[in-house]
Amino acid sequence: MAMTKSTAGTLAHAAPLHGRPHELFNALRGIARELRADKLGAFGTMILLVLVIVAIAAPALAPYDPAAQSLADRLLPPAWLAGGSPAHWLGTDHLGRDVLSRTIHGARVSLLVGVAVVALAGTFGTVLGLVAGYFGGRADTIIMRAVDIQVAFPALLLALIILTVVKPTPGTLVIVLAANGWMVYARLVRGVVLSSRQSLYVEAAEIVGCRPLRVIFRHVLPNLTSPLVTLATLEFARIVLAEAALSFLGLGVQPPATSWGLDVAAGKNYIFDAWWLVTVPGTAIALTVLSINLVASWIRIATDPRERQKRFARGAAVSEMGA
Amino acid sequence: MTMMTTTTAPLVEVQNLSVHYAARGGGWLGRRIRPITAVEDVSFAIFPGETLGLVGESGSGKSTTGRAILRRIDSITGRILFRGRDITQVRGEALRRLRRHVQMIFQDPYASLNPRMTVLELVAEPLVVHGLARGEAAEPRVASLLALVGLPESAMERYPHEFSGGQRQRIGIARALALEPDFIVADEAVSALDVSIRAQIVNLLGDLQARLNLAYLFIAHDLSVVRHISHRIAIMYAGKLVELADRDAIFRQPLHPYTRALLSAILIPDPQIQQQRRRIVLTGEIPSPAAPPSGCRFHTRCAHATAKCRAEAPPFEEKTPGHFAACWAA
């Protein structure tokens, strides 16, 4: 087993340019090799994978129906505390619902809404920012004034208006949150594009005869990887909380459905009597954001050849010292 | 070295080129717009296989001239001809096709190579974007280009940061050569390099010229570098050409006092001669292009300036055959 692994590794290493038919396969293997070198990145990826699996398999994993109430068992503490019951590991909430089951089911909406909003707002904002920054002139003026107007308009008010008119479903929730979140991406991207347009290698690409789209995607966009990944991570956490705020106002996730944000908001009223109501879904949010952060910083390093070389040089020095 | 100026048609011809910038600033709320003339009424021709050295201090407009010829600057007047064709207004797809014949070597070999691309991707990019070679088909071509500039084939899979300044400049040269251009603008191509590396790159450029019949516009602020590679030399001062002649004529019989001052600043590797030479030290600064002096632009720093120099700009005219200068006294 170990032998086949290492021969496969050397083969992939020896032919990085000629393996075109197996490009995807090699790319996946390359990612696996990269992850072995970055312990924190691997850790983050693992947690994230577990979270995604939990969200997908929620009905199979959760011990109870997340909406099943049992007022006789309300506000039970976690099983290891005095008065806790082994039937409810993480206790119950003010309506006697199982906290563990609710957290497992809440992962679905929270992850889905978070990822969808970041993807939608990120794509929209990035495209507009690229157009504004690269082509400048009138396109720049129009797009950036639209950003200013949108920023000046209170986000919550806009969300309230839209969600009282249309039915609050996860789909509309995503659109409303994305409509309030794309501006930061547009501004960030425009700024990075403006500065990297000045860089000599972009000028060199233009003189060589690259078309504008190639200049954008090949030479400008890679500079955006790390700031965008960082921003998207921060935004994800913000979105989870924004979704919680809307759910708290009754305009987000509709009971009996649940989300981490909704549970944090509801548990807030019992924070002195039943701390676990806020802590458990709150920890889930924190864990998600932490793992995304770890993965993000790994992506940032893995996509920059200079950073990679630094890290490999450090790794070589460490292994030499160990030997 | 006399060029076949009378028998061959020029490859690149610049006729009365002027470049104006609109500088905002001054005035209340920065609304006042002052036009700045970075280059004024510059004319010269470059012949196939020839190097024209363009010399001047920073702010003289030499880089602006090079960028205007490459059509990187839009606000120009005058005409630029390439093989007799007017390219002054060329843009879009036609400009992209022109890039196959006109290329550039940059001053900074660190900033002009995308750090995220391998040498193979960098040198193959011109081939790819012009549809000449794609994917693996580009590899032999890139290998031969690297061999041409003295880099090993193994360099292909590496990234620019793994190379020294001189090696990086070789990568930049390989990229410029990929399209087999006829004309290359080398904008301070060796200024950022160590003196020892400089000679190597200058020799490489000369070597490539002989092999590929390239024409260069070699922009530099250092006459000693230009002397080695140029067939003819043009001197710029404050946005205008002050002298243009064969290399030997410039060094033996400089006509313009500014050229004489530049020549006197070159060190000669013989202490006895060096001690006997009279160094012409210019006082003052190059005038601001926003407020150029009246008459001859050099009169503020010229030891021989007369009332006529202060009142009237001297024409840029042929003083002896093939030797142009703009000075009333010459």
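The values are calculated or read from the model by the stated rules, or taken from the named source; none is laboratory data. Everything quoted here is computed from the prediction, not taken from an experiment. Cβ placement follows ideal geometry from the backbone for every residue including glycine, while neighbour counts extend to all protein chains displayed.
Pairs linking a residue in the stretch B:290-305 that is assigned by TED's automatic domain parsing to the domain that holds B:S60 to a residue that is basic (K, R), with Cβ atoms under 7 Å and 6 or more positions apart or on different chains, are B:A290/B:R34; B:S294/B:R310; B:G295/B:R310; B:R297/B:K240; B:H299/B:R310.
Any residue that is within 14 Å of another protein chain (Cβ to nearest Cβ), more than 18 Å from the chain's Cα centre (by Cα) and surrounded by 21 or more Cβ atoms within 10 Å (Cβ to Cβ) - is there at least one of those in the stretch B:189-203? Checked against the condition, which is being within 14 Å of another protein chain (Cβ to nearest Cβ), more than 18 Å from the chain's Cα centre (by Cα) and surrounded by 21 or more Cβ atoms within 10 Å (Cβ to Cβ), the stretch B:189-203 yields no hits at all.
Conditions tested, residue by residue: (1) part of a loop (DSSP other than H, G, I, E, B); (2) surrounded by 19 or more Cβ atoms within 10 Å (Cβ to Cβ); (3) aliphatic (A, V, I, L, M).
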residue: A:Y185; (1), (2), (3): no, yes, no
residue: A:S195; (1), (2), (3): no, no, no
residue: A:N223; (1), (2), (3): no, yes, no
residue: A:T230; (1), (2), (3): no, no, no
residue: A:L234; (1), (2), (3): no, no, yes
residue: A:I239; (1), (2), (3): no, yes, yes
residue: A:A245; (1), (2), (3): no, no, yes
residue: A:A257; (1), (2), (3): yes, no, yes
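Scan the stretch A:85-94 and tell me whether some residue there is of a type in the set (V, I, T), within 25 Å of A:S291 (Cβ to Cβ) and not in a loop (DSSP other than H, G, I, E, B). For the stretch A:85-94, residues of a type in the set (V, I, T), within 25 Å of A:S291 (Cβ to Cβ) and not in a loop (DSSP other than H, G, I, E, B): absent.
For the stretch B:263-276, the condition holds for no residue, the condition being that it is in contact with a Gly (Cβ under 9 Å, 6 or more places away or on another chain), outside any strand (DSSP E or B), surrounded by 14 or more Cβ atoms within 10 Å (Cβ to Cβ) and small (G, A, S). Residues in the stretch B:236-262 that are surrounded by 12 or more Cβ atoms within 10 Å (Cβ to Cβ) and among the basic types (K, R): B:K240, B:R247, B:R260.
Exactly one residue among A:A139, A:A204 is within 14 Å of chain B (Cβ to nearest Cβ) and free of Cβ contacts under 8 Å to residues at least 12 places away in the same chain, and that residue is A:A204.
Annotation: of all residues in the stretch B:65-86 being free of Cβ contacts under 8 Å to residues at least 60 places away in the same chain and away from chain A (no Cβ under 14 Å), the one that is surrounded by the fewest Cβ atoms within 10 Å (Cβ to Cβ) is B:R85.
No other residue among A:P222, A:P212, A:P227 is facing another protein chain (nearest Cβ under 8 Å), farther than 16 Å from B:M104 by Cβ and not aromatic (F, W, Y) apart from A:P222.
Checked across the stretch B:134-146, the condition of being part of a loop (DSSP other than H, G, I, E, B), more than 15 Å from the chain's Cα centre (by Cα), surrounded by fewer than 22 Cβ atoms within 10 Å (Cβ to Cβ) and not assigned by TED's automatic domain parsing to the domain that holds B:V226 holds for at least one residue.
Condition check for A:G84 on (1) surrounded by fewer than 22 Cβ atoms within 10 Å (Cβ to Cβ); (2) at pLDDT 90 or above; (3) not β-branched (V, I, T): one failure, at (2).
Evaluate the stretch A:63-72: report whether one residue or more is without any contact (Cβ under 8 Å) to a residue 24 or more places away in the chain, under 24 Å from A:S259 (Cα atoms), in a loop (DSSP other than H, G, I, E, B) and among the charged types (D, E, K, R). No - not one qualifying residue is present in the stretch A:63-72.
Determine if the stretch B:145-157 includes at least one residue that is within 11 Å of another protein chain (Cβ to nearest Cβ), closer than 19 Å to B:L205 by Cα and out of contact with any Ser or Thr (no Cβ under 6 Å at 6 or more places or on another chain).
Residues of the stretch B:145-157 that are within 11 Å of another protein chain (Cβ to nearest Cβ), as a first pass: B:156-157.
Still in the running and closer than 19 Å to B:L205 by Cα: none.
No, the stretch B:145-157 has no match at all.
Entry remark, the stretch A:266-301: residues being of a type outside the set (S, T, N, Q) and closer than 23 Å to A:Q254 by Cβ number 11 in total.
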